[in-house]
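What follows is one structure encoded as structure tokens, with my remarks underneath.
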Amino acid sequence: MSANTIEHNRQRFDFEGVEAIWLFGYGSLIYKVDFPYLEKRPAAIQGWVRRFWQASHDHRGTPEAPGRVVTLVKQPGATCRGMAYRVSPDVFEHLDVREKNGYLRFKTPMTFDDSSQAEGLVYIATEDNEAFLGDAPATDIARQIASAHGPSGPNSEYLLNLASSLRELGAECEHTFAIEACLPREA
Ligand code: SIN
């Protein structure tokens, strides 16, 4: 059920001698910043799109009724905007637990708003992880999100927080905004 990636991520990079590293966030990492950081800058990565294609069994849903959260899917020519944080490597002890349901850390180049670039890390849940759900019509995704709740709160809160923080960032994400528009609202 749970594609626990904690051990896998711990062995993925040797942070020996590294004092700080950039982390690119494109989902809840934009608006739920429960970790210390040294610097924070809007940034973008190339060749990826944000998609609500990953199940959440541990935060915004349960094993019996999973929610849907975002991952990145390759799309040549696409740009994904998000928020980058310069963090101390020990922050990953916490983040690997938070992102344990299928996400692995990958190296990525990122571009800041002043066109300068840096290399850093990004959590991606690839399609071979057990919690990967894949595509579905926006109305179906919205319905699943509307009914799912988990230890971190309602899945709808994840979607609405993400949509409003993307607007604040000036990030166009048709996929997220289409699902938001389909979300059944409480009367
Ligand atoms: C991220 O925000 O960068 C990863 C996905 C998530 O935690 O929502």
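The values are calculated or read from the model by the stated rules, or taken from the named source; none is laboratory data. The shown structure was predicted, so the numbers you read here are calculated from the model rather than taken from an experiment. As a convention, Cβ positions derive from the backbone with ideal geometry for all residues, glycine included, and neighbour counts pool all protein chains shown. Protein only, heavy atoms only, side chains kept; ligands, DNA and RNA dropped before computing areas. Shrake-Rupley method; radii C 1.70, N 1.55, O 1.52, S 1.80 Å.
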**OP:** Among what's in the stretch 152-172 and is part of a helix (DSSP H, G or I) and among the charged types (D, E, K, R), pick the residue that is most open to solvent (accessible area, probe 1.4 Å).
**Re:** GLU168
**OP:** Within the stretch 9-19, identify whether any single residue is open to solvent by less than 50 Å² (accessible area, probe 1.4 Å) and either at pLDDT below 95 or closer than 21 Å to SER115 by Cα (or both), and answer yes or no.
**Re:** yes
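Okay, residues lined up against (1) in contact with a Ser or Thr (Cβ under 8 Å, 6 or more places away or on another chain); (2) over 30 Å from GLU7 (Cβ atoms):
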site: GLU99; (1), (2): yes, no
site: THR108; (1), (2): no, no
site: ASP114; (1), (2): no, yes
site: GLN117; (1), (2): yes, yes
site: LEU133; (1), (2): no, no
site: PRO137; (1), (2): no, yes
site: GLU157; (1), (2): no, no
site: LEU162; (1), (2): yes, no
site: LEU166; (1), (2): yes, yes
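Given the criterion surrounded by fewer than 20 Cβ atoms within 10 Å (Cβ to Cβ), over 25 Å from TRP22 (Cβ atoms) and not aliphatic (A, V, I, L, M), identify the matching residue among HIS149, HIS175. Reasoning before the result, please.
Values: HIS175 fails: over 25 Å from TRP22 (Cβ atoms).
That would be HIS149, the only listed residue that is surrounded by fewer than 20 Cβ atoms within 10 Å (Cβ to Cβ), over 25 Å from TRP22 (Cβ atoms) and not aliphatic (A, V, I, L, M).
Could you tell me whether ASN4 is open to solvent by 50 Å² or more (accessible area, probe 1.4 Å), within 16 Å of the ligand (Cβ to nearest atom) and either farther than 11 Å from ALA84 by Cα or in contact with a helix residue (DSSP H, G or I) (Cβ under 8 Å, 6 or more places away or on another chain) (or both)? Please lay out each step first, then the result.
Details: open to solvent by 50 Å² or more (accessible area, probe 1.4 Å): yes; within 16 Å of the ligand (Cβ to nearest atom): yes; either farther than 11 Å from ALA84 by Cα or in contact with a helix residue (DSSP H, G or I) (Cβ under 8 Å, 6 or more places away or on another chain) (or both): yes.
Spelling it out, ASN4 is indeed open to solvent by 50 Å² or more (accessible area, probe 1.4 Å), within 16 Å of the ligand (Cβ to nearest atom) and either farther than 11 Å from ALA84 by Cα or in contact with a helix residue (DSSP H, G or I) (Cβ under 8 Å, 6 or more places away or on another chain) (or both).
Looking at the structure I just gave you, is LYS40 more than 14 Å from LEU95 (Cα to Cα) and of a type in the set (Lys, Arg)?
Taking the combined requirement at face value, the residue satisfies it.
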Original post:
Could you list, in sequence order, the residues of the stretch 86-122 that are closer than 16 Å to ILE21 by Cβ, in contact (Cβ under 8 Å) with a residue 12 or more places away in the chain and either hydroxyl-bearing (Ser, Thr, Tyr) or open to solvent by 60 Å² or more (accessible area, probe 1.4 Å) (or both)?
Top reply: ARG86, SER88, HIS94, PHE106, LYS107, THR108, PRO109, GLU119
Original post:
Which of the residues belonging to the stretch 125-154 are under 22 Å from ALA178 (Cα atoms) and of a type in the set (A, V, I, L, M)?
Top reply: ALA125, LEU133, ALA136, ALA138, ILE141, ALA142, ILE145, ALA146, ALA148
**OP:** Give PRO63, PRO42, PRO76 a once-over and let me know the one that is away from the ligand (no atom under 15 Å from the Cβ) and either open to solvent by less than 70 Å² (accessible area, probe 1.4 Å) or in a loop (DSSP other than H, G, I, E, B) (or both).
**Re:** PRO63
Original post:
What single numbered condition from (1) under 24 Å from SER152 (Cβ atoms); (2) touching a Lys or Arg at 6+ places or on another chain (Cβ under 9 Å) fails to hold for VAL97?
Top reply: (2)
Original post:
Mind checking which pairs have a first residue in the stretch 3-28 that is more than 17 Å from ILE45 (Cβ to Cβ) and a second that is among the aliphatic types (A, V, I, L, M) and assigned to a loop (DSSP other than H, G, I, E, B), Cβ under 7 Å, 6 or more apart or different chains?
Top reply: ALA3/ALA131; ALA20/LEU38
